[in-house]
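Participant: I am attaching a structure below and will ask some questions about it afterwards.
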Amino acid sequence: MKLGGKVAAVTGAGSGIGQAIAVLFASEGATVYALDIDETGLRETAAKAPYGARLYTQRLDVTQEEEVQKTWERIAAEHGRLDIVVNNAGVGVAATVDQTSLEDWERTMAVNLRGVFLGCKHAVRIMKRQGAGVIINTASVAGLVGVKERAAYCASKGGVIALTRAMAADHALDNIRINCICPGTVDSPWVGRILSNHPNPEEGRRAMAARQPIGRMGTPEEIAQAALFLAQPESSFVHGSALVIDGGLTAV
Ligand code: NAD
């Protein structure tokens with residue numbers, strides 16, 4: 001049990017990568033709060049957790065400061081601590097900058113960047129108090145390189161990487177380890193939604209797979225393994241990093 005005794009909160013845990021992280025962390029002995037606005041998805045997450053796992057679900061909108069603060073404080077009060085926070089909830093918009101409406105820009109920034117900011121802000125307060133903690137933010141390769149037709153999304157994920165590094169500089173001596181993960185294309189329900197708008201979904205799927213030099217998309221479970229590595233004390237020297245898990249996408 002790699003996370004036995006730990007208490008973790010995972011946002012965007014009703015689907016895809018967040019669901020895989022919540023289930024893996026619970027399988028590894030953590031008490032996990034799986035949080036999402038999608039309550040149907042959360043029920044699916046709970047059903048995927050192994051028998052006897054301590055996985056609790058709750059509706060949480062990461063863009064709402066009071067909800068985030070109260071949720072983190074309640075978990076910390078109930079368990080005496082909040083060891084690991086994974087700020088993973090995210091939304092995408094497939095558009096070039098001139099095609100991006102202000103509304104889509106604001107929504108992307110609200111979930112992807114403000115949501116991560118709020119999750120970190122209130123986690124750091126608790127973790128400073130308890131003298132330890134781990135924060136993992138889900139960024140993307142889109143925060144490292146330009147991806148076609150993802151202008152707002154790239155900007156939001158670049159912000160997540162920069163915020164992660166800034167916080168790593170500020171809180172290294174507070175014994176809070178802060179990192180982000182940068183997945184390449186991952187075959188989650190998210191990709192399914194993008195492909196459903198594609199004129200030829202099969203061709204779209206092949207093109208998305210071909211973006212990775214290894215010729216396929218990643219799986220949510222592969223990304224969850226990276227989060228597990230960052231959550232464990234064995235990664236104690238990993239701080240302020242943007243861990244790339246992308247099948248080689250950014251290597252070429
Ligand atoms: P997904 O759509 O399957 O899951 C995202 C989850 O976030 C959904 O369950 C959704 O309900 C939730 N969510 C959206 N807005 C929310 C809010 N305001 N509050 C709480 N939850 C909210 O997508 P995924 O592929 O699992 O993506 C998870 C994260 O990984 C995102 O941050 C995404 O940007 C990132 N990512 C995904 C890929 C990919 O190719 N799938 C690649 C790189 C990074």
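The values are calculated or read from the model by the stated rules, or taken from the named source; none is laboratory data. Just so we're clear, the structure is a prediction, and the values are computed from it rather than from any experiment. Here the Cβ is made from the backbone with ideal geometry for all residues, glycine too, and neighbour counts use every protein chain on show. Heads up: the accessible areas ignore ligands, DNA and RNA and are worked out on the full protein's heavy atoms, side chains in. Shrake-Rupley method; radii C 1.70, N 1.55, O 1.52, S 1.80 Å.
Participant: Going through Asp98, Asp83 one at a time, which residue ends up being surrounded by 15 or more Cβ atoms within 10 Å (Cβ to Cβ) and either at pLDDT 95 or above or more than 23 Å from Trp190 (Cα to Cα) (or both)?
Facilitator: Just a single option satisfies the conditions, and that option is Asp83.
Participant: Starting from the range 180-199, keep only residues that are farther than 17 Å from Asp38 by Cβ and at pLDDT below 90, then list their pairs with residues that are more than 7 Å from the ligand (Cβ to nearest atom) and assigned to a loop (DSSP other than H, G, I, E, B) whose Cβ atoms are within a distance under 7 Å, requiring at least 6 positions of separation or different chains.
Facilitator: Ile194/Ala94
Participant: From Ser140, Ser188, Ser196, grab the single residue that is surrounded by 24 or more Cβ atoms within 10 Å (Cβ to Cβ) and under 16 Å from Ala94 (Cβ atoms).
Facilitator: Ser140
Participant: Tell me which residues, restricted to the range 80-89, are in contact (Cβ under 8 Å) with a residue 24 or more places away in the chain and within 17 Å of Ala30 (Cα to Cα).
Facilitator: Of everything in the range 80-89, those that are in contact (Cβ under 8 Å) with a residue 24 or more places away in the chain and within 17 Å of Ala30 (Cα to Cα) turn out to be Arg81, Leu82, Asp83, Ile84, Val85, Val86, Asn87.
Participant: What is the one condition in (1) farther than 17 Å from Val124 by Cα; (2) surrounded by 14 or more Cβ atoms within 10 Å (Cβ to Cβ); (3) more than 9 Å from the ligand (Cβ to nearest atom) that Leu42 does not satisfy?
Facilitator: Failed condition: (3).
Participant: Identify, by number, the condition in (1) touching a helix residue (DSSP H, G or I) at 6+ places or on another chain (Cβ under 7 Å); (2) aliphatic (A, V, I, L, M); (3) within 16 Å of the ligand (Cβ to nearest atom) that Val124 doesn't meet.
Facilitator: For Val124, the failing item is (3).
Participant: What number goes with the only condition from (1) open to solvent by 40 Å² or more (accessible area, probe 1.4 Å); (2) free of Cβ contacts under 8 Å to residues at least 12 places away in the same chain that Ala172 does not pass?
Facilitator: The single condition Ala172 does not satisfy is (2).
Participant: If only one of Ile135, Ile126 is touching a strand residue (DSSP E or B) at 6+ places or on another chain (Cβ under 8 Å), more than 20 Å from Ile181 (Cα to Cα) and open to solvent by less than 50 Å² (accessible area, probe 1.4 Å), which one is it?
Facilitator: From the options Ile135, Ile126, the qualifying one is Ile126.
Participant: I'd like to know if the range 11-19 contains one or more residues that are assigned to a helix (DSSP H, G or I), out of contact with any Phe, Trp or Tyr (no Cβ under 8 Å at 6 or more places or on another chain), polar (S, T, N, Q) and open to solvent by less than 40 Å² (accessible area, probe 1.4 Å). Let's see the steps before the verdict.
Facilitator: Our first condition is that a residue be assigned to a helix (DSSP H, G or I); within the range 11-19, this holds for 16-19.
If we keep only those that are out of contact with any Phe, Trp or Tyr (no Cβ under 8 Å at 6 or more places or on another chain) too, we end up with 17-19.
Subset that is polar (S, T, N, Q): 19.
With open to solvent by less than 40 Å² (accessible area, probe 1.4 Å) added as a condition, the list becomes 19.
Yes; the residues of the range 11-19 include at least one that is assigned to a helix (DSSP H, G or I), out of contact with any Phe, Trp or Tyr (no Cβ under 8 Å at 6 or more places or on another chain), polar (S, T, N, Q) and open to solvent by less than 40 Å² (accessible area, probe 1.4 Å).
Participant: Right, something else. Of the conditions (1) outside any helix (DSSP H, G or I); (2) open to solvent by 20 Å² or more (accessible area, probe 1.4 Å); (3) within 16 Å of the ligand (Cβ to nearest atom); (4) under 30 Å from Met1 (Cβ atoms), Arg177 fails just one. Which one is it?
Facilitator: (3)
Participant: Could I ask something else about it? Any residue at all in the range 56-79 that is open to solvent by less than 60 Å² (accessible area, probe 1.4 Å), in contact (Cβ under 8 Å) with a residue 60 or more places away in the chain and in contact with a His (Cβ under 6 Å, 6 or more places away or on another chain)?
Facilitator: Scanning the range 56-79 turns up at least one residue that is open to solvent by less than 60 Å² (accessible area, probe 1.4 Å), in contact (Cβ under 8 Å) with a residue 60 or more places away in the chain and in contact with a His (Cβ under 6 Å, 6 or more places away or on another chain).
Participant: Polar (S, T, N, Q), open to solvent by 60 Å² or more (accessible area, probe 1.4 Å) and within 30 Å of Ala169 (Cβ to Cβ): does that describe Gln232?
Facilitator: no
Participant: Right, next: Condition (residue is modelled with pLDDT under 95 and either aliphatic (A, V, I, L, M) or open to solvent by 10 Å² or more (accessible area, probe 1.4 Å) (or both)) applied to the range 149-158: is it met by at least one residue?
Facilitator: Scanning the range 149-158, I find at least one residue that is modelled with pLDDT under 95 and either aliphatic (A, V, I, L, M) or open to solvent by 10 Å² or more (accessible area, probe 1.4 Å) (or both), so the answer is yes.
Participant: Return the residues of the range 147-174 that are away from the ligand (no atom under 13 Å from the Cβ) and under 17 Å from Val91 (Cα atoms); say none if nothing qualifies.
Facilitator: Listed by number, the residues that qualify are Lys148, Glu149, Ala151.
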